[in-house]
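K.L.:
The following block contains the structure, expressed as structure tokens.
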Amino acid sequence: MYDFHDLYEPNSVQEALQYKKQYPQALFLAGGSDIFIKLREGKLSGCDLISIFALDELRGICMEDDGSILIRPLTSFTEVAKHPLIKKHIPVLGEAVEQIGGPQIRNIGTIGVNICNGVTSADSASTLKAYDAVLELTSLE
């Protein structure tokens, strides 16, 4: 049903980046709501996947010492919408992500992928832009 070549399951962000360096054409797999649809349609046949789903260090929301709110990329839309910091400080973001798909998509879909996919349906991206959000990227270099 899902025609992919290899699945790599790193135990850390560093290991995920090493896999990406070793297999540059591999795709990062988070919740899977976008990739699995494309795989089923045959659009990504034979691709390699690097699953970052189990990397809990990429989940959660907290307030930094400087007062900024950090939303890690694997935080689900459901968690964003229900988190007390979001409700108190940026409720419009919570309202925006509550409009994404149905409950199943909001439970598995992640804010990081929603931003990074670059699709017009990135419901969270425009709200984050309005708040002058800063996106932090990590690489080996």
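K.L.:
FRET efficiency for LEU17 and GLU95, Cβ-Cβ distance as r, R0 = 35 Å, nearest 0.05?
P.N.:
Computed FRET efficiency for LEU17 and GLU95 comes out at 0.55.
K.L.:
Checking a compactness column here: for the chain, what do you get for Rg(Cα) / (2.2 N^0.38 Å), N being the number of residues?
P.N.:
Output field value: 1.08.
K.L.:
Still on this model: Measuring with a 1.4 Å probe in the full set of protein chains, what accessible area per residue, in whole Å², belongs to the range 61-141?
P.N.:
Numbers: 5130 Å² over 81 residues.
Each residue of the range 61-141 exposes 63 Å² on average to a 1.4 Å probe.
K.L.:
What FRET efficiency do you get for ASP65 and GLU9 if R0 is 35 Å and r is their Cβ-Cβ distance, rounded to the nearest 0.05?
P.N.:
0.60
K.L.:
With a 1.4 Å probe and all protein chains in place, put THR110, THR138 in order of accessible area, largest first.
P.N.:
Correct descending sequence by accessible area is THR138, THR110.
K.L.:
If you don't mind, another one. Rolling a 1.4 Å sphere over the protein heavy atoms, what is the accessible area per residue of the range 1-48, to the nearest Å²? Working shown, then result.
P.N.:
On the way: 3160 Å² over 48 residues.
So the range 1-48 comes to 66 Å² accessible per residue, rounded to a whole number.
K.L.:
What ranking of ASP66, ASP123 comes out by heavy-atom accessible area, probe 1.4 Å, highest first?
P.N.:
Listed by decreasing accessible area, they come as ASP66, ASP123.
K.L.:
Ok, one more. Over the chain, calculate the relative contact order: mean separation of alpha carbon pairs under 8 Å at least 6 apart, over the residue count, as a percent.
P.N.:
Contact order relative to length: 22 percent.
K.L.:
Cut-off 10 angstrom, C-alpha nodes, Gaussian network model of the chain. Which of GLU64, GLU98, GLU79 fluctuates the most?
P.N.:
Most flexible of the set in this elastic network: GLU64.
K.L.:
Using a probe of 1.4 angstrom, how much of the accessible area of the chain is carbon and sulfur, in percent?
P.N.:
52
K.L.:
Over all alpha-carbon pairs in the range 6-89, figure out the percentage whose distance exceeds 19 Å.
P.N.:
49
K.L.:
Sticking with this one: Rounded to the nearest 500, what is the 222 nm mean residue ellipticity of the chain from helices alone, with -39500 (n - 2.57) per DSSP H run of 4+ residues and division by all residues?
P.N.:
-9500 deg cm²/dmol
K.L.:
Further question: Using only Cα atoms, find the angle between the long axis of helix 13-22 and the longest principal axis of the chain, and express it within 0 to 90 degrees, rounded to the nearest 10.
P.N.:
Once rounded, the angle reads 40 degrees.
The values are calculated or read from the model by the stated rules, or taken from the named source; none is laboratory data. What you are looking at is a predicted structure, and each value in this text was computed from that prediction instead of being measured. Please note: Cβ atoms are built from the backbone with ideal geometry, for glycine as well, and neighbour counts cover all protein chains shown. Note: areas computed on protein heavy atoms with side chains; ligands, DNA, RNA excluded. Shrake-Rupley method; radii C 1.70, N 1.55, O 1.52, S 1.80 Å.
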